[in-house]
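*Asks:* This is the structure I have questions about; it appears just below.
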Amino acid sequence: MAKPKFVPIPPQPLDRFRSLLGDEYEQIEAVAAWAREAFVGRAIWHISSTARGGGVAELLRTMLPYVRDAGVDTRWVVLRESPEFFCLTKRIHNRLHGAAGDGGPLGEDERRLYESTLAASGREVGRLCQPGDLIYLHDPQTAGLVPLAKEAGLKVVWRCHVGVDRPNDLVRGTWDFLRPYVEQADAYVFSRRQYFWDGLDASKAWYMPPVIDPFSPKNQELGPATVQAILKGIGLTHDGLHGAPVFVRSDGTPGRVERPIGLLQDEPLPDDARMVAQVSRWDRLKDPLGVLEMLDRHLPGADTHLVLAGPDAGGVADDPEGREVFAEVAEAWRGMVPQHRRRAHLLTLPMYDLEENAAMVNALQRRADVVLQKSLAEGFGLTVAEAMWKRRPLVASRVGGIQDQVLDGETGVLVTDPLDLARFGAAIEGILADPARARRMGEAGKRRVTERFLTVYRLREYVALVSSLLGIVQPAEAR
């Protein structure tokens, strides 16, 4: 095992939310000022399995810079474990979504691998932390660290970002595998109440949906000329409208999209094409093969194009299935009849520069006429909130946290059966055929994210959780 890796967290100015929140910002400011004094001398450690790719890394990059700006000593450490460990935890991840994944077991051999791998990381974490610190562990990859952190005298939060609406035997068996570790935590945080596990202490549970940073390179405003320049620069389109492929980095300095991407397409996206986009990891639970089949069978319009985009399959350390899934999708694309294949574009976006990657995603979502999220299971689905922030109408599966974000018929269309390709196709065609309806949905989506899913809203809950575990009484004016 390599030593855990520190992820830098440059602070971001909390004050930038003042213009969005108006008078409500004063309450956020009071919470931040109190936390700065109350938590002095303590560190809050976040431990995850990767710093790039997927919702957990995205959420931490969204939240922690503002916590640091509030004056709280927040740190982020990433596990660097063996491929065998990450193959096992990917199996756990799939089973927590009710899917068999690679079909392997979760028996005593797997428990020994899980515990022995995390034991070394646990010792290193215990060496780094000091009495009075709090440790925040994210997802199944870190659950085995809970008892080790408790032995070190730390307060421990375990944050579960995944879950299903209706657990099956695979889900419950995986709960049984992880519960001996998880139940020892001082608090559990779930994205939805429906994800709470049988057998855990309900009095320890907190519920916090994920949020987005509207000022990040992934969500900042980009004008049409910039969007077109970025898409031309990555090779998706012909015309750049004479703009420059630029964005603003998190530190305020200029950035430019210039790295090559992986691109499978017969011809560039036409300037006047109606574009449907799904952006997600190359994961079977996102059903990219089903999305291609839907285009083939249920989106007949010659001017309707599909963009399937995801990270470079080798750039996400804790997702060993990514390469395999992308290879399956690429093979399916090559097997399409030419008149449909020319309307499908597969993009793998480089992960060397995460902010450049984010700017690419931003441009893709802003160019899309409809954003699709055809997940078979979904913990929350931050890409949904990101698209709504950009005033894009959604067509998405009625699963997991997606249904907490999308108001069916108001900000998008929810499809109850994620395998019903015909309904997805009809929902997309219905929005494309009614531009006025699409605009109304986009505006309603922007309002919903502004009211519910911005980073700043989680700060109060975060401070309340930490102060309660550390035994610090939070005054009413700082809640």
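The values are calculated or read from the model by the stated rules, or taken from the named source; none is laboratory data. In this text the structure is predicted, and so the values were computed from the model without any measurement. All Cβ positions, glycine included, derive from the backbone under ideal geometry; neighbour counts span all protein chains shown. Please note that ligands, DNA and RNA were not included when accessible areas were found on the heavy atoms of the full protein model with its side chains. Shrake-Rupley method; radii C 1.70, N 1.55, O 1.52, S 1.80 Å.
*Asks:* How far is the Cα center of segment 276-328 from the Cα center of segment 1-68, in Å?
*Replies:* First find each Cα centre; the distance between them is then 31 Å.
*Asks:* Same structure again: Using Cα-Cα distances under 8 Å and only pairs 6 or more residues apart, what relative contact order does the chain have, in percent?
*Replies:* Working: 930 pairs, mean separation 74.3, N = 479.
The value is 16 percent.
*Asks:* Which percent of the accessible area of segment 122-209 is formed by carbon and sulfur heavy atoms (probe 1.4 angstrom)?
*Replies:* On the way: 1570 of 3440 Å².
Carbon-and-sulfur percentage of accessible area, whole number: 46.
*Asks:* With +1 on each Lys and Arg Cβ and -1 on each Asp and Glu Cβ, and nothing else charged, work out how big the dipole of segment 319-418 is about its Cα centre, in Debye to the nearest 20.
*Replies:* So the magnitude is around 600 debye.
*Asks:* Next question, about the same structure. Can you sort K286, K150, K3 by 1.4 Å-probe accessible area, starting with the largest?
*Replies:* Result of the area sort, largest leading: K3, K150, K286.
*Asks:* If you don't mind, another one. Using a 1.4 Å probe on the protein chains only, how many percent of the accessible area of segment 1-109 belongs to carbon and sulfur?
*Replies:* With neighbouring chains kept in place, the figure for segment 1-109 is 50 percent.
*Asks:* A further question follows. Could you check the spin-label model distance between R439 and L419? Points 7 Å from the Cα along Cα→Cβ, value in nm.
*Replies:* 4.0
*Asks:* Quick one: dipole size for the chain, taken about the Cα centre, charges +1 on Lys/Arg Cβ and -1 on Asp/Glu Cβ, in debye to the nearest 20.
*Replies:* Approximately 440 debye in magnitude.
*Asks:* Put +1 on the Cβ of every Lys and Arg and -1 on every Asp and Glu Cβ in segment 353-479; which of Y462, G400, G412 then has its Cα farthest towards the positive end of the dipole?
*Replies:* Going by the charge dipole, the pick is G412.
*Asks:* Take the alpha carbon atoms of segment 214-273, find their center, do the same for segment 96-122, and report the distance between the two centers in whole angstrom.
*Replies:* Cα centres, segment 214-273 to segment 96-122: 40 Å.
*Asks:* Let's test the formula: R0 of 22 Å, r as the Cβ-Cβ distance of L113 and R80. What FRET efficiency results, to the nearest 0.05?
*Replies:* In this case the efficiency is close to 0.85.
*Asks:* Next question, about the same structure. Leaving out ligands, DNA and RNA, and with a 1.4 Å probe, what % of the accessible surface on segment 308-407 is carbon or sulfur?
*Replies:* Values: 1330 of 2750 Å².
In segment 308-407, the share of accessible area belonging to carbon and sulfur is 48 percent.
*Asks:* Show me the ranking of peptides 424-434, 363-373, 23-33 by mean Cβ neighbours inside 10 Å, starting with the highest.
*Replies:* 363-373, 424-434, 23-33
*Asks:* What does the charge count around S121 come to, taking other residues whose C-beta lies under 10 Å from its C-beta (Lys +1, Arg +1, Asp -1, Glu -1)?
*Replies:* Charge balance near S121 sits at +1.
*Asks:* Would you mind checking the tilt of helix 435-452 against the longest principal axis of the Cα atoms of the chain, expressed as 0 to 90 degrees and rounded to 10?
*Replies:* Around 10 degrees separate the two axes.
*Asks:* Which of the three applies to segment 195-349, rounded, prolate or oblate, going by the alpha-carbon gyration tensor with a ≥ b ≥ c and a/c under 1.5 meaning rounded?
*Replies:* Values: a/c = 2.02, a/b = 1.21, b/c = 1.66.
Since a/c reaches 1.5 but b/c is at least a/b, the shape of segment 195-349 is classed as oblate.
*Asks:* Please report, in debye to the nearest 20, how large the charge dipole of segment 1-57 is about its Cα centre when each Lys and Arg carries +1 at its beta carbon and each Asp and Glu carries -1 there.
*Replies:* I would put it at about 580 debye.
*Asks:* Add +1 for every Lys or Arg and -1 for every Asp or Glu among the other residues with Cβ under 9 Å from the Cβ of D369, and state the total.
*Replies:* +3
*Asks:* Separate question: Given a 1.4 angstrom probe, what's the average accessible area per residue across the chain, in square angstrom?
*Replies:* Ligands and nucleic acids excluded, the figure is 39 Å² per residue.
*Asks:* Expressed as a whole percent, how much of the Cα-Cα distance distribution for segment 384-466 exceeds 19 Å? Present the calculation step by step, with values, prior to reporting the outcome.
*Replies:* Working: 1390 of 3403 pairs.
Tail of P(r) above 19 Å: 41 percent of Cα pairs.
*Asks:* For segment 106-160, with the dipole built from +1 on Lys and Arg beta-carbon atoms and -1 on Asp and Glu ones, taken about the Cα centre, which of Q130, L145, V157 lies farthest toward the positive end?
*Replies:* Of the candidates, Q130 comes out farthest on the positive side.
*Asks:* For the charge dipole of the chain, defined by +1 on Lys and Arg C-beta atoms and -1 on Asp and Glu C-beta atoms about the Cα centroid, which residue among L285, A422, S203 has the Cα displaced farthest towards the positive pole?
*Replies:* Comparing the listed Cα positions along the dipole, S203 ranks first.
*Asks:* Straight-line reach from K374: which aspartates and glutamates have a Cα under 13 Å away, not including same-chain ones fewer than 8 places off?
*Replies:* D283, D287, E293, D417, D420
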